[in-house]
Every structure is written in structure tokens, then in C-alpha cells.
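A.B. asks: One structure, pasted below without further comment.
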Amino acid sequence: MRALLEATNLRKSFGPTPALDGAGLSVRAGEVVAVMGPSGSGKSTLLHCLAGILQPDSGTVRYRDAELSSMPDAQRSELRRTDFGFVFQFGQLVPELSCLENVALPLRLGGIKRRAAESRAREWLERLEVTGVADKRPGETSGGQGQRVAVARALVTGPSVVFADEPTGALDSLNGERVMQLLTAAARETNAAVVLVTHEARVAAYSDREVVVRDGKSREVEPAR
Amino acid sequence: MKRWFSDLALGVRLALGGGRTSWVRLVLTGAGIGLGVAVLLAASSVPTIFAERAERSSQQAAIPGEADDRALYLRWWITEYRAETVDVRYMMAGGPQAPVPPGIPAVPGDGEMYVSPALRELLDSPEGELLRERFPQKVIGSIGDNALTAPHDLVAMVGDPRMPRDSADPIARFGGPTQAQDLGPLLTLLVIVGCVVLLFPILVFVGISTRLAGAQRDRRLAALRLVGAGAQRVRRIAAGEALLGAVIGLAVGTGLFMISRRFVEDVRLLGLSVFTGDLTPVPWLAVLISALVPVLAVVTSVLAMRRTVVEPLGVVRHTKPVRRVLWWRLVPIALGTVALLTQAGSMGESSGGAGNQEVLIGGIVLLLLGIPTMLPWVVERSVSRLRGGAPSWQLAIRRLQLESGTAARVVGGVAVVLAGAIALQSVLTSVSAKIIEEPLSEADRGKVHVSLRQEPQDLAPQAVGMLERAEGVKRVHTTQSLAYRTDTRNYQGITIGTCEAMTALTALPDCQDGDAFMVVNQAATGNPAVAPGTTVTAFSEDEEITKSWTVPQYELVRAEIVTRNTSGLFLTPAAVRGADLPPGRTQIMVELDQSKADAVEHVRNAVAPLTWRTFVSFVGEIDMADRVVQFMSVRQALLAGSLITLLLAGASLLVLALEQVRERRRPLAVLAASGVPRGALGRSLLWQNAVPLLLALVVSTAVGTGLAALLLRVLDLPVALDWGGIGLLSVAAAGLGLVVTALTLPSLRRATGALGLRSE
Amino acid sequence: MSIGHTLLGLLEKGPRHGYDLKRAYDERFGQDRPLHYGQVYTTLSRLLRNGLVEEAGVEAGDGPERKRYAITDAGVTDVEKWLSTPEKPEPYLQNTLYSKVVLALLSGRDAGDVLDTQRSAHLVTMRELTKRKAAGDLADQLICDHALFHLEADLRWLELTAARLDRLKTEVVR
Ligand SMILES: Nc1ncnc2c1ncn2[C@@H]1O[C@H](COP(=O)(O)OP(=O)(O)OP(=O)(O)O)[C@@H](O)[C@H]1O
Ligand SMILES: [Mg+2]
């Protein structure tokens, strides 16, 4: 099967020390890939390059038939809105908007009418069991609730790839488990691939296979049957 | 198009959402912009104020006519009361058809008068007690506003049917064409510099206010970028936010303006006051302001986003800002300098004001604009090498290194005001030296002249009698004054009096009866002294009687200050005995007992029964030329404007500093919670404002003096800078910064309370 | 784990046949090692002997599977005592994984490689457990989580050791 998203030989430096040094990764449609490795090894940087948020110094990132690193910014923005979803450890919600509006935001940016967008957003909040916080602002929710809202927002557009960077990093085990269950279940249902950066094995266990990043180099581990 | 609108709407939604924090931010933005808008609206009313004043004074213009029964006989009397001028008009109707002056319903009869509201208030108050003696007439009504130039004018219109017709002006009607004032190149440039220097900082403040809470906004927009809003759209969204702030600011500003307009009649700033009705913005200027403010808001906020727009990662990483580049920041200063250099000498006296006003204004604006563009770079480079020090210092410096932009913005407005003030001050000083060629003599508060109008019968004995009985009078001297001329152009005064009387007037060495003196200016400019023995034409002051006369032997005296009353020939009675001179006019000089308060008012009251036939002035007080009067009023208006701008600078600085504390509430709370003493936080806040302020002082002093030098070249005046004034202004600005920091300390206390820890 | 106590605990809900007991045990606790049939009966007869269970009636027919067992008061007390006594924390010193890894690392093999291989293997198991957890009931989840946390703990220790050894190695080389 052809890879949906494929990065090869990525290099990226911040100043003198390289954050990525020839890393690569390929993601097939609908699979959950865990990216693991010690702190500072370049996991987040790899994820940002895959998602087109960062431009690598060299190497290629191919999504479907397009080359991300040669796309203009506007097109990459568009791609983020329509085909990608993001869940970070924290901070990705717009603090000024209510949770419902936050989830509806990508749809509205895509030109969908407010009412339609919000009703779809509400469905997703229901699926993630956080209808209670729909009218609260992110600052007024607990970390776990906020993460579920973020998951809802990542999935609401029906993306092909969801990028999750330590999505459970700030949560306790119970909430973390729940967020992971909801995220992977929803992703599988919509056939969305998930790129999951984590250093917790228990969280990585929700994946289909793992990729290990060390010193800016990645090593794909084929699933042992 | 629809996309546009929905993006703007989303921006508005973002600015409104966020609960208390957003509201506080909006209130601060509204206050910041609103203050500026209010001042701009007031400034845009200035043309109306002048137009209305001119209109009213043209209505007041008395057109002389035939001395017959259809005329109104009018006599002006200017009297002073504790440094305020009271404008009194005595009038008598020649007949029933006589015109009635504007502002009153009918010509007042004998013993009646109309007074302006301010005068009525003064007369009714305890402070006006002494003045009441000068007005025995009964007040029968108020003078309407249409007959006053300003609400605080002290005016009385008094009926005086016993006034002899031939000593008053017959007036056929009131109302003439409005007269345009020609200020001449010097004053025109001064007014231009003043307006630009005072108004431009306000625009800077408006621009700065729209960037409140910049870091927070950047984070919010980064979150939008992450979910896939393109750079273009994020700009539109930010524009929407800025628009909302601008609109709120406009509303707040209009409200502020409307409210303060109501009270404007009660306010006197440096003696200036304005009618509420006159304080009406010129319509096109008002429209311009309401368009300019939102445009400015949008432009500055979009420009400010150059960097953040490209970074969706702003949500997780606060990267160190890119190093600023210098070259484009120097462009405004360079362009402004070139613009002003091209105009060098163009507004000089000799070139008659051929300067291009647009280029001049543009040049000044560009130079001043250079300050807010330069400052961030200067702050960044200056702090980047600083290390170590006490914890509070370190906190402040690290903060400045990370976010020099905010700090530069906070002090940017004040810096512009300061630079403008320095330039204005220097130009004012030079121009005043040019316009007031002779130093204004210090009036001698211990002596007054009592001038009398010439009447068929000599009023002097009567006046002297009145004065000798008055309270606070030490001595009453009389002298005779007449004049002579050598040719048609060179006039000089002759004063005849006893040694005692003349010594009181001017410093004469060792005077004995029979002596004669010639008093000339020390610098010996002006008319050359006539040699003794020259035959000249002597004449009475009205030039009706002229006689040929030979100048006697005299002693030359060089005096410090020479005015009309205290220069020329001084002759003792014995020196002119037998000489055939035209009759002189009696001058009365009164020595006051300065230990008595209001002695001069008692003198004025003593001769008040003679009304318009007298005028009392201090010895040494000189009548100023029209140009000097104009200059004085321009200077006064500029100083009043500077005061307002300075207040605005303080208010804006406060708003910005408060916002800075608010934005950094969480880190501050964390520091306080982890045991950093409040004192250290307060000091770090102080450093954080003081360091940029110091840099701002340096930059603005440099730009201000540069601007002053350029402007003086434009005026063709020697470049002389008033370092004392510059120092004083800088110290004042520094003081302002300190006061503002002190005012933010309570908010720091609140921010570092337990609640600050809760992130929102 | 004490099979006797576990069976007693299962009987607390109500009397059961021996066969039922085995099924219940296997379902909840025996994922890796189902009980032998005989084991159940020897245990039950030991409990009977000690007076911790009693026969609660025999159904028509023959053979031990026809018997129903119920817990006695003494049995309830015994379960309570067992539950309230803490297990002795066992350091996993005899664990083979530990010995292997320490040997591998000490013999100069690349710590990262050892870690990766072991993590990969661990993750395979952990994925299975995670899947089973998603399908199972609460008891399943508890058991799976128990295993998952232990496996994770192994990995964490391994990561820490690897990181330390790496540092140690650079220090030695320097
Ligand atoms: N914006 C940046 N500026 C400077 N250095 C950066 C930046 N982003 C990443 N780095 C550096 O790149 C390296 C890799 O960072 P990255 O965030 O990708 O690590 P990570 O594997 O995600 O670590 P963690 O598990 O701790 O999140 C680190 O050394 C980090 O210091
Ligand atoms: Mg990371």
C-alpha cells in the first residue's frame, strides 16, 4: 500500500546543533504511528515538518501527490485546515472562544455557516463526552476536558492525518487513557491516520507500530507479528 | 468579499470573547485611543474657534459715522484689575435711531450698565470687592455671548449721557468684514511646528494603543494559524480586532469630547478660554479623524504582525525574536532631514515665507516618526549585551531582551512628545529673541503712570488731588511731556519736571534744578542723541502747536532699559525757564506703598470717577507691537497645547504600563508565589520602564535638537539651543515615567495575589 | 497468588459448582495460566477440611461436579484477613529481563539497540493488552492495566539505565 504521508531524509537545524539529521517517516492511511524517543531527540520537530508547520532545511515531505516543502504558505494553511488535525499538549485552543466555537472554528474558516458548523461541532463534543463544557472558555475547563475539546477540533473536519504531540502529557493516567481511547477510536472510525508523539509506552500501545527517533535520526520498527 | 467580512467579524468576536481579560483589554484600548481622539477632536475645533471669534469681533466692529442724532457715541476704557483686563465701553445714544451694540438689548441709560457673565460673577464675589468701587452703575443685564470673544472676557457696557459729544467717537453702525490675520513667515512656521509637534504624538499614541496586549494576541493568532488560517486571513482577522478597538476608541473619544465640552467654559488654561459652542470640530476634519483612526489602527496592527503571521508554532514555542535591522528604521529620519534641508532659509525674514508648507510638515512628521521606528532597535541593541546584576535588574533586562518591542512602544509616545517639545522650545526661544528685539522691560511694580486724556480743561490738578488722598500712595509726582524732532523721522520725548519727579522716573545722576539730561539706551541703538545747540522743532503731543527750539547743554546718561516714558531729554524747570516751548501734557507718576496689598487697585479706584479719561499703568510697562502680541498669544496657545499633550502622554503611558503588568500577570504571580519579594518585582518593573525611558530620552533629545537645528535653518536664524530648557524637559519626562511606574504598583500587587496564578 | 483465597473470594458472591468456579477464575485471573481441573478440586477439598467452605447441597447424579460449595463464616474471615494483609513488595531481582539487559549493557553492547529491541517486544504485548482492554469488561481492564503498568515500568527502567550507561560510557571515554 502506498504511503499517505512520507518524509525522507529530513534535516533541520536551529542554530549550530541539528534537531533533525536525516529523519524520515511514512504513514499509511488509517494507521496509528507512535513516534518515540528520548527528550530533545527531535520528535516534535519531525512532527512539525511532517505537518508543514516547519520547513525542513533539506529532505522531502510528500502528502498524497504533493510535495509539502515546495508549497506556498497559503496552500499549506489550506491543507492544515482541510486534511490535517492537531492535538498538542496544551495551548492549541483559542482562549477567547468558547469550546464549541473552538471546535467549529476550522469549519467556519472553511466557509461553513455558523449554525451548521456549530451543530457538527456539538456532535463531536458529544462523541468525546464533553457536551458540558460547550459554552465555557478553554480557561474554564479542566485539562482533560480541554484535551477532549482539542481532539474534537482536530477531528471535526474529517482529516486524513491527525498529529498529536504528547496529547496526554498534562493529564493523569485515567484521563490520559480516556483521551487516547477516544482519539484512536474516532480516528479509526473516520479512517484518519494518527501520528502520535509520546514517550509513554502505555500511550504508544494505542498505536499500530512505532518509530524511534534518536539524535535527529529515525528508525522505523516494523510491527512484529 | 463575503470572506472578508466574515474574517473581520471573527476578529471582532475574538476581541470580544475571553471574558474579563478581553474586556479589560478593550477598556484600556478604548481609553488609550479615546484620549487621543478627544484631543484630536478638540484640535479640529480650533479653526472653528478662530472663525467664530473673528466673526464675533467683526460683528463688534464699530463703523464711524457722522456726529449727529443718529449716531451712538462710544468711548473705550481699558482698566486692569489684578492683571486681568476689563474692557469697558461708555456709550450715549445720539437719538432714538442710534445703533445698539450687539450683545445688549438697548443702549444703557444714565447710571446703568450691562456686564459680561464673567464680570458679573467677579463683581458679585468677595474678590471683586475693590473693583466694585470703579463701577457705581447699576447692573441691568448681561452681555450676550455674541459680543464676547471668550467666556472669561470681562466686559462692561456703561451708559454715560453726560459724555461730551466731541470727545467720543460717533458710531453709525456695528458689523464689518471679517479680517484675516496675517501672521508672517516666522509665526506661520511656529504655528505649523506647534501643530505638528503637538498633534503627531497623539497619532502615535493611537497607534500604540491598538497594539495593547500584543503577545497575547500573537498567541491567539498563532492558534488560528495552526488550524489552517492563511497568513492573509490572519491579517484580516487581526484587522477586525484592531477595528473594534478603534471604533470603541472613537466612541469613547467622542463621548469624552462631548462631556468635557460642557465644562470647557469653566476652564482657563494659561488665560485662554473657549465657548462651548465654538468648540465644534470642522466637519471635514471630524470625518477625517473618524476615518484616520481606524485606518491607523488597522495599518499598525497589520504591520506589527509581520513576524508572527508566519509562525503557527507560536502556540508551543516562544522563539527569540529575530534581530531587528536598522536600515529602514533610518529612512524616515533621513527623508525628514532631506526635506527640511531643502527648505533651509525658505521661511527667513528676507525670503518672505516662500517655504513649501507641505514639505515642511512632511519633514517634521518624518523626523518625529523616526523616533518610534528607531527606538525598538536602540532598545534591543542596548540591552542585548547587559548581563548580571541584582535579581530585579536581571529580571528586567532579560524581559527587555526578549521583548524589546513592547518596552519601546511604552516609552515611544513620550519620546515623541519630548522631541517635539525640545524642538518647539528651541524654536520658540529663538523666534522670541528675534521678534522681541528689545528685552521686555521688567515693569516697576512700585510706580505707576496715570495718563490723562487731554480735555479743554486740565484734569491734572483734579486727578492729583484724588490720588493724594488714595490709600497706598506714597508720593504723587507730576511732569510735563512734549516732544521734538530733528527731521520727519526722528522723534524724541522731552520731560520737564522737578529733580525728584524725574529721578523717580529714570536713573539720573546727581540732579539739581537747572540741569538737563539726555537719556539713551545703553546699547545706543535707536535715535541718535541730538547735539546741544541744535535747533529742532518742539511740539505738543498732538502736534497742534509747534515751535522752533534750541537744545540746551545736557549731560548724556546711558540707561539700562529705555522706553518711551523713560528716554529722551529730561529738563529741570530752571533749564527751560524763559524758553518758548509748546505747552506740555501733564504726566502723573505715583509712588506706591508696596507694603499695602492692592495699592495699585486703590490708585485705579481713586481716579475711576474720571473713567475713560484716565489710564493707569506701571512704569516701564511698554505697549507691545502687534507682532509681539500675536507672538505672545501663539506662544500661549502652544504652551497650553503642550500641557494637554503632556497630560495625554502621561495618561497613555499609564495605560500602557498597566497593560504590561496585566499581560505578564501569570509569570509575575508565579514569581511572587515562589517567594520573590514584591519589592524586587516592583524594582524590576521600575528598571523595565526606566531603562527604555533613559534610552528614549537620549534618542528624543538627539532627534529633538536635530529638528530644532533644521527648523532654525529654515527660519534663517542662528542655531542656538536652549540647553536649560532641554534639560528641564528631559527631567520632566523622566519624572513622568517614574510617577507612572509608581502608579502601576497597586496593579502589580493585585496581579501577584493568589488569583493571578490561575491562568486564563 | 493464593488460589485458595481467590476461590474463597469468588464464593463470597454465592454458592457455586466447582466447574463454575474454575470458569470464573479463568475469566478473571487466568489469562496466562488457566487452572487445571484437578487443582480446583484439591484446593476445594483442602478448604473443606479447614472448615472454610461447606457443601451446599448435591444435585442428582454423581461425581464431584454435582456438588455446590458455599463459604463459611470462618472462610469470610479468612478472605478478609488475606485482603487486608499487604503483599510483600518483591524486588524483581531474579527477573530474567533484568539479568539479560544488565549483562548486555555491561558487555558493551549499544544500550539504544537493546532498548529498542526490548521496547518493540514489550509494545507488541502492550498493544495486545490494550486491545483486550478495549473489548473487555471492568475486571479485564483492571488486569490488563496491571500488566501494562508493569510492562511500562520495565521499559522506563530500561530507558533510564540505557541513558545512564550512555552517559557513563562517554565519561569513561573522556
Ligand atoms: N524553535 C527552536 N529554536 C531552537 N531550538 C529548537 C527549536 N525547536 C527545537 N529546538 C531544538 O531542537 C531539538 C529537538 O527538539 P524537539 O522539540 O523536536 O525535541 P522532542 O523530541 O520533541 O523533545 P521532548 O520530548 O522533550 O518534547 C532540541 O535540542 C531543541 O532544543
Ligand atoms: Mg516535543
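A.B. asks: Just to be sure before I move on: is A:G176 closer than 16 Å to C:T130 by Cβ and more than 13 Å from chain B (Cβ to nearest Cβ) in the structure I sent?
C.D. replies: When the stated conditions are applied, A:G176 passes them.
A.B. asks: The conditions are (1) assigned to a loop (DSSP other than H, G, I, E, B); (2) surrounded by fewer than 16 Cβ atoms within 10 Å (Cβ to Cβ), and A:A74 fails exactly one of them. Which is it?
C.D. replies: (1)
A.B. asks: Turning to a different aspect of this structure: Which one of these does A:R80 not meet: (1) away from ligand 2 (no atom under 16 Å from the Cβ); (2) within 20 Å of A:P18 (Cβ to Cβ); (3) under 18 Å from the mean Cα position of the chain (by Cα)?
C.D. replies: Single failed check for A:R80: (2).
A.B. asks: Taking the conditions exactly as written (over 20 Å from B:A231 (Cβ atoms) and either in contact (Cβ under 8 Å) with a residue 12 or more places away in the chain or within 13 Å of another protein chain (Cβ to nearest Cβ) (or both)), does A:R114 satisfy them or not?
C.D. replies: Numbers: over 20 Å from B:A231 (Cβ atoms): yes; either in contact (Cβ under 8 Å) with a residue 12 or more places away in the chain or within 13 Å of another protein chain (Cβ to nearest Cβ) (or both): yes.
So A:R114 fits the description; yes.
A.B. asks: With respect to the numbered conditions (1) within 30 Å of the chain's Cα centre (by Cα); (2) more than 30 Å from B:G641 (Cβ to Cβ); (3) exposed (fewer than 14 other Cβ atoms within 10 Å of the Cβ), which one is the sole condition not fulfilled by B:L131?
C.D. replies: It is condition (3) that B:L131 fails.
A.B. asks: Can you find even one residue in segment A:122-129 that is within 16 Å of ligand 2 (Cβ to nearest atom) and within 23 Å of A:G30 (Cβ to Cβ)?
C.D. replies: No, there is no match, as no residue in segment A:122-129 is within 16 Å of ligand 2 (Cβ to nearest atom) and within 23 Å of A:G30 (Cβ to Cβ).
A.B. asks: Further, regarding this structure: For segment A:9-53, give me the residue count where each residue is part of a loop (DSSP other than H, G, I, E, B), more than 27 Å from A:R188 (Cα to Cα) and hydrophobic (A, V, I, L, M, F, W, C).
C.D. replies: Of the residues in segment A:9-53, 0 are part of a loop (DSSP other than H, G, I, E, B), more than 27 Å from A:R188 (Cα to Cα) and hydrophobic (A, V, I, L, M, F, W, C).
A.B. asks: Now for a different question. Search segment A:186-204 for residues being away from chain C (no Cβ under 14 Å) and not in a strand (DSSP E or B), and hand back the single one that is surrounded by the most Cβ atoms within 10 Å (Cβ to Cβ).
C.D. replies: A:A192
Residues are listed down the side, and each one gets a yes or a no for (1) over 15 Å from the mean Cα position of the chain (by Cα); (2) within 16 Å of ligand 1 (Cβ to nearest atom); (3) without any contact (Cβ under 8 Å) to a residue 40 or more places away in the chain:
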{"residue": "A:S142", "(1), (2), (3)": "yes, no, yes"}
{"residue": "A:V156", "(1), (2), (3)": "no, no, no"}
{"residue": "A:V162", "(1), (2), (3)": "no, no, no"}
{"residue": "A:D165", "(1), (2), (3)": "no, yes, no"}
{"residue": "A:E177", "(1), (2), (3)": "yes, no, yes"}
{"residue": "A:A187", "(1), (2), (3)": "no, no, no"}
{"residue": "A:T198", "(1), (2), (3)": "no, yes, no"}
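A.B. asks: Considering A:A104, A:A7, A:A74, which residue is touching a helix residue (DSSP H, G or I) at 6+ places or on another chain (Cβ under 8 Å), more than 16 Å from ligand 2 (Cβ to nearest atom), free of Cβ contacts under 8 Å to residues at least 60 places away in the same chain and closer than 30 Å to C:Q118 by Cα?
C.D. replies: Working: A:A104 fails: closer than 30 Å to C:Q118 by Cα; A:A74 fails: closer than 30 Å to C:Q118 by Cα.
A:A7 is the lone residue from the list that is touching a helix residue (DSSP H, G or I) at 6+ places or on another chain (Cβ under 8 Å), more than 16 Å from ligand 2 (Cβ to nearest atom), free of Cβ contacts under 8 Å to residues at least 60 places away in the same chain and closer than 30 Å to C:Q118 by Cα.
A.B. asks: Kindly check whether there is at least one residue in segment A:157-170 that is part of a loop (DSSP other than H, G, I, E, B), more than 9 Å from chain B (Cβ to nearest Cβ) and modelled with pLDDT under 85.
C.D. replies: Among the residues of segment A:157-170, at least one is part of a loop (DSSP other than H, G, I, E, B), more than 9 Å from chain B (Cβ to nearest Cβ) and modelled with pLDDT under 85, which makes the answer yes.
A.B. asks: Moving on to the next point. When A:Y63 is evaluated against the numbered criteria (1) at pLDDT 85 or above; (2) under 19 Å from A:G158 (Cβ atoms); (3) hydroxyl-bearing (S, T, Y); (4) out of contact with any strand residue (DSSP E or B) (no Cβ under 9 Å at 6 or more places or on another chain), which criterion, by number, is the only one it fails?
C.D. replies: It fails just one condition, (4).
A.B. asks: Also, quick follow-up: Residues of segment A:205-225 being within 16 Å of ligand 1 (Cβ to nearest atom) and assigned to a strand (DSSP E or B), which ones?
C.D. replies: A:E210, A:V211, A:V212, A:V213, A:R214, A:K217, A:S218, A:R219
A.B. asks: For residues in segment B:136-170 being farther than 27 Å from B:D69 by Cα and not polar (S, T, N, Q), which is surrounded by the fewest Cβ atoms within 10 Å (Cβ to Cβ)? Before you say what the answer is, go through the steps one by one.
C.D. replies: So the first thing to find is which residues in segment B:136-170 are farther than 27 Å from B:D69 by Cα, and the list is B:136, B:145, B:148-154.
Checking which are not polar (S, T, N, Q) leaves us with B:136, B:145, B:148, B:150-154.
Details: B:P136: 11, B:D145: 20, B:L148: 24, B:A150: 19, B:P151: 20, B:H152: 21, B:D153: 19, B:L154: 24.
Ranking the candidates gives B:P136 first.
A.B. asks: In addition: Among the numbered conditions (1) in a helix (DSSP H, G or I); (2) within 19 Å of B:G17 (Cα to Cα); (3) within 12 Å of chain B (Cβ to nearest Cβ); (4) small (G, A, S), tell me where A:A121 comes up short.
C.D. replies: For A:A121, the exception is condition (3).
Table: residues versus (1) surrounded by fewer than 19 Cβ atoms within 10 Å (Cβ to Cβ); (2) within 11 Å of chain A (Cβ to nearest Cβ).
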site	(1), (2)
C:D113	yes, yes
C:Q118	no, yes
C:A121	yes, yes
C:T125	yes, yes
C:L129	no, yes
C:A134	yes, yes
C:A139	yes, no
C:A153	yes, yes
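This table checks each residue for (1) assigned to a helix (DSSP H, G or I); (2) within 30 Å of B:S116 (Cα to Cα).
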site	(1), (2)
B:A223	yes, no
B:V247	yes, no
B:T254	yes, no
B:E265	yes, yes
B:V274	no, yes
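Here is a yes/no grid of residues against (1) outside any helix (DSSP H, G or I); (2) touching a helix residue (DSSP H, G or I) at 6+ places or on another chain (Cβ under 8 Å); (3) of a type in the set (A, V, I, L, M, F, W, C):
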site: B:A690; (1), (2), (3): no, yes, yes
site: B:L694; (1), (2), (3): no, yes, yes
site: B:V699; (1), (2), (3): no, yes, yes
site: B:L707; (1), (2), (3): no, yes, yes
site: B:R713; (1), (2), (3): no, yes, no
site: B:L717; (1), (2), (3): yes, yes, yes
site: B:G725; (1), (2), (3): no, yes, no
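A.B. asks: When segment A:185-199 is examined, which residues are found to be within 17 Å of A:M36 (Cα to Cα) and more than 13 Å from ligand 2 (Cβ to nearest atom)?
C.D. replies: Of everything in segment A:185-199, those that are within 17 Å of A:M36 (Cα to Cα) and more than 13 Å from ligand 2 (Cβ to nearest atom) turn out to be A:A193, A:V194.
Condition check ((1) among the hydrophobic types (A, V, I, L, M, F, W, C); (2) within 12 Å of another protein chain (Cβ to nearest Cβ); (3) within 16 Å of ligand 1 (Cβ to nearest atom)) across all residues:
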site	(1), (2), (3)
A:A34	yes, yes, yes
A:P38	no, yes, yes
A:C49	yes, yes, yes
A:L54	yes, yes, yes
A:E67	no, no, no
A:A74	yes, yes, no
A:S77	no, yes, no
A:R80	no, yes, no
A:F84	yes, yes, no
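A.B. asks: Being under 12 Å from the mean Cα position of the chain (by Cα) and under 12 Å from A:V213 (Cβ atoms) is the filter; apply it to segment A:17-41 and report the residue that is nearest to ligand 2 (Cβ to nearest atom). Outline the logic, then answer.
C.D. replies: First pass over segment A:17-41, keeping only residues under 12 Å from the mean Cα position of the chain (by Cα): A:32-35.
Next cut, under 12 Å from A:V213 (Cβ atoms) only: A:33-35.
On the way: A:V33: 16, A:A34: 14, A:V35: 10 Å.
The extreme case among them is A:V35.
A.B. asks: Scan segment A:18-41 for residues that are crowded, with 21+ Cβ neighbours inside 10 Å and among the small types (G, A, S) and jot them down.
C.D. replies: Listed by number, the residues that qualify are A:A19, A:A23, A:A34, A:G37, A:S41.
A.B. asks: Tell me the residue from B:T48, B:T29, B:T21 that is in a helix (DSSP H, G or I), hydroxyl-bearing (S, T, Y) and within 14 Å of chain A (Cβ to nearest Cβ), please.
C.D. replies: Working: B:T48 fails: within 14 Å of chain A (Cβ to nearest Cβ); B:T29 fails: within 14 Å of chain A (Cβ to nearest Cβ).
Exactly one residue qualifies, and that residue is B:T21.
A.B. asks: Scan segment A:42-60 and tell me whether some residue there is charged (D, E, K, R), more than 16 Å from ligand 2 (Cβ to nearest atom) and surrounded by 16 or more Cβ atoms within 10 Å (Cβ to Cβ).
C.D. replies: Looking for residues that are charged (D, E, K, R), more than 16 Å from ligand 2 (Cβ to nearest atom) and surrounded by 16 or more Cβ atoms within 10 Å (Cβ to Cβ), one finds none in segment A:42-60, hence no.
The values are calculated or read from the model by the stated rules, or taken from the named source; none is laboratory data. Since the model is a prediction, treat every value here as computed from it, not as a measurement. No Cβ is skipped: glycine too gets one built from the backbone with ideal geometry, and neighbour counts run over all protein chains shown.
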